[in-house]
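None of the figures in this text is laboratory data; all of them are computed from the coordinates on show. These numbers come from a predicted model, not from an experiment. Note: ideal-geometry Cβ built from the backbone for every residue, glycine included; neighbour counts use all protein chains shown.
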Amino acid sequence: MSGTVVGLLTLVAAVGAGLSAGVYLAFSTVVVPGLNTRIPREAIVAMNAINHAAPRNPLLLLVLLGTGLVCVVLLVLGVLQRDEPAGRWGLLGAVLYLLSVLILIGYHAPHNERLMRVDPTTVDADAVWARFCSPWMVWNHLRTLTASIGTVCLTIALTGLPAR
């Protein structure tokens, strides 16, 4: 694959990873803290509305999962080009971004699905929200961090700086 194509894929992945990190950061710093100002029943209803809308938004899916697909390609190319600085940085960036996708698929999606099955009018909403929110935020901080550092690594891959 030509260097131009690899560079373009790396640029697309860096932008997508940065956008994804921004979405995750917004949840850590604004969305969930905002929900926590509401009574738990209202927080559950609002989070469920978000979780209902998110997988139906094609642009969001393109950014999150499309970037993941590009990173799979970069992962393979990075293994093949691991003797070159850009290849090593691209490989590391792809791995870190894919880790954020694994957290999304392996933790957040099923956790969100469980919350969507809750009727906050018939359960102890305070306990349900407390059990949901704290671990959800820890994992969200982790996916924010992995997507952010992945963005940095992919950006460095574009510059050709040596990896040490």
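The set of residues in the range 108-144 that are under 14 Å from the mean Cα position of the chain (by Cα) and farther than 15 Å from residue 64 by Cα comprises 136, 137, 138, 139, 141, 142. Of the helices (runs of 4 or more DSSP H) contained entirely in the range 5-73, those carrying at least 3 residues that are under 24 Å from residue 133 (Cα atoms) fall at 32-35, 40-53. For the range 74-90, the tally of residues that are out of contact with any Pro (no Cβ under 7 Å at 6 or more places or on another chain) and more than 20 Å from residue 21 (Cβ to Cβ) stands at 11.
Would you confirm, using the coordinates I've provided, whether residue 44 is touching a Pro at 6+ places or on another chain (Cβ under 6 Å) and either closer than 16 Å to residue 142 by Cα or hydrophobic (A, V, I, L, M, F, W, C) (or both)?
Yes, satisfied.
Each residue in the range 105-150 was checked for being surrounded by fewer than 18 Cβ atoms within 10 Å (Cβ to Cβ), of a type outside the set (A, V, I, L, M, F, W, C) and more than 16 Å from residue 20 (Cβ to Cβ), and 13 of them qualify. Is it the case, given these coordinates, that residue 43 is more than 16 Å from residue 146 (Cα to Cα), touching a Leu at 6+ places or on another chain (Cβ under 7 Å), buried (at least 19 other Cβ atoms within 10 Å of the Cβ) and of a type in the set (Gly, Ala, Ser)? So residue 43 fits the description; yes. For the range 49-60, the set of residues classified as of a type outside the set (Gly, Ala, Ser), free of Cβ contacts under 8 Å to residues at least 60 places away in the same chain and under 28 Å from residue 120 (Cα atoms) consists of 50, 55, 56, 57, 60, listed by residue number. I need the full set of residues from the range 85-98 which are surrounded by fewer than 18 Cβ atoms within 10 Å (Cβ to Cβ) and either of a type in the set (A, V, I, L, M, F, W, C) or assigned to a loop (DSSP other than H, G, I, E, B) (or both), in order please. Residue satisfying the conditions is 95 alone. Residues in the range 74-84 that are exposed (fewer than 13 other Cβ atoms within 10 Å of the Cβ) and touching a residue at least 40 places away in the same chain (Cβ under 8 Å): there are none.
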